[in-house]
Amino acid sequence: MKFFNFFILVFLLLGINFSNAEDKNLIYKITKNIRCLICQGQSVYDSDTEFANSLKILVEKKINEGMTEDAIYKHLTMKYGDWILYKPKLNKNTYILWLLPLLLFLVGGAIIFKNLKIKKN
Amino acid sequence: MKNKILFSIIIIFLISLFSIFYVGLNKTSIYKPKTSLNKNIPFFKAKIYETNNEISSNEIFNGNNYYLVNIWSSWCVPCRDEHTFLMKLKKNKKIEIIGLNYKDKQKNAKEFLKELNNPYKKILLDQDGTIAIEWGAYGVPESFVILNKKIIKKVIGPLDQKTFLEIEGILK
């Protein structure tokens with residue numbers, strides 16, 4: 001019985017550690033994708049300003065409340081705009097940003113394909 | 001014919017690329033946050049200064065009058081500069097000033113108010129700075145004018161004669 005209790009205790013501790021590690025990784029991932037708005041070219045993760053430190057605590061609180069990664073991004077963009085995200089979402093302001101590389105890739109591919117076809121003929 | 005089409009496509013592409021970069025060169029790269037908004041105030045719970053009782057935003061902003069939320073701290077030097085304008089605004093009965101004490105020690109905050117007087121109707125505590133983030137603030141000092149639970153004006157940095165007159169204009 002003692003062994004069984006010990007086993008449960010170890011299992012619980014490991015479980016808590018795993019979930020903590022997962023949460024920590026998620027916090028790192030999110031804060032690396034958030035821009036420190038009062039810094040020069042730094043993410044919230046990299047910065048140690050009061051603003052960045054408060055944001056780190058807020059992200060941790062929101063994760064503990066059960067908010068998803070996307071919901072946290074949405075929450076922050078509502079307050080600070082798209083500029084706060086390093087990887088902005090696809091919307092009418094970012095169509096060119098996201099679709100231009102794809103368009104250039106397709107046009108380039110088409111040109112290469114056509115040239116190869118001409119050469120074959 | 002084909003070469004002509006390709007040539008004109010390349011020319012159009014280069015011209016548009018040039019125009020985008022040319023416009024981009026003249027645009028300032030310094031990020032300026034929006035200061036005129038019509039956003040709903042955030043929902044939050046905060047402890048009240050000195051009593052440490054918890055209060056929610058719904059209980060604070062339940063009137064139809066104007067509110068000014070001022071984020072301040074005793075360690076913030078520009079907060080001292082704007083304090084005279086807050087004291088002037090206090091005289092206007094149309095507005096209630098709510099202080100949000102940002103990452104401060106209560107003892108220092110008390111001394112600050114003792115020295116410069118207290119313009120605030122209520123003071124809320126924001127010890128980890130997360131309530132300021134919920135307001136969309138960048139730092140201290142920062143002020144928000146609120147009417148009917150909506151932010152109608154945001155002042156980033158200390159209040160000065162210009163912003164004080166702008167707020168007085170809104171209250172008229």
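Tabulated data for the structure shown
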| read-out | value |
| --- | --- |
| Proximal charge balance of A:LYS114 [Cβ under 13 Å; K/R count +1, D/E count -1] | +4 |
| Three-way shape call for the protein assembly as shown based on the alpha-carbon gyration tensor, with the a/c threshold at 1.5 | oblate |
| Likely footprinting exposure, B:LEU147, A:LEU103, B:LEU68, fewest C-beta neighbours within 10 Å first | A:LEU103, B:LEU147, B:LEU68 |
| Where only C-alpha atoms are counted, convex hull volume of segment B:70-161 per residue in Å³ | 93 |
| For the protein assembly as shown, share of DSSP beta bridges that run antiparallel, in % to the nearest 5 | 60 |
| Anisotropy class of segment B:108-172 from Cα gyration tensor, a/c 1.5 cut | oblate |
| Förster radius 41 Å - calculated FRET efficiency between A:LYS61 and A:VAL107, Cβ distance, rounded to 0.05 | 0.35 |
| Sites B:ASN52 and A:ASN53, calculated FRET efficiency, Cβ-Cβ separation with R0 25 Å, nearest 0.05 | 0.60 |
| Packing-based exposure ordering (other Cβ within 10 Å, fewest first) of A:ILE96, B:ILE151 | A:ILE96, B:ILE151 |
| GNM flexibility winner over chain B from B:GLU115, B:GLU134, B:GLU50 (Cα, springs under 10 Å) | B:GLU115 |
| Inter-label distance for B:ILE5 and B:LYS88, nm, one decimal - labels placed 7 Å from Cα along Cα-to-Cβ | 6.9 |
| Nearest-ten-degree value, helix B:106-116 long axis tilted from longest Cα axis of chain B | 90 |
| For chain B, built as a Gaussian network whose Cα springs stay under 10 Å, the top-fluctuating residue of B:TYR66, B:TYR120, B:TYR22 | B:TYR22 |
| In nm, spacing of pseudo-spin labels at A:LYS87 and A:LYS114 (7 Å Cα→C-beta vector) | 3.4 |
| Angle between chain A longest axis and helix A:2-32 axis [Cα atoms, degrees, rounded to 10] | 40 |
| Listed residues B:PHE13, B:PHE44, B:PHE144, most fluctuating in chain B (Gaussian network, C-alpha, under 10 Å) | B:PHE13 |
| Average projection area in nm² (convex hull over Cα atoms of chain B, one quarter of hull surface) | 14.3 |
| Principal-axis tilt of helix A:50-64 within chain A, Cα atoms, nearest 10 degrees | 70 |
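Just so you know, all these numbers are worked out from the coordinates, no wet-lab data involved. Only a predicted model underlies this, so the values are computations on that prediction, with no experimental measurement involved. Positions of Cβ are backbone-derived with ideal geometry, glycine not excepted, and every protein chain shown enters the neighbour counts.
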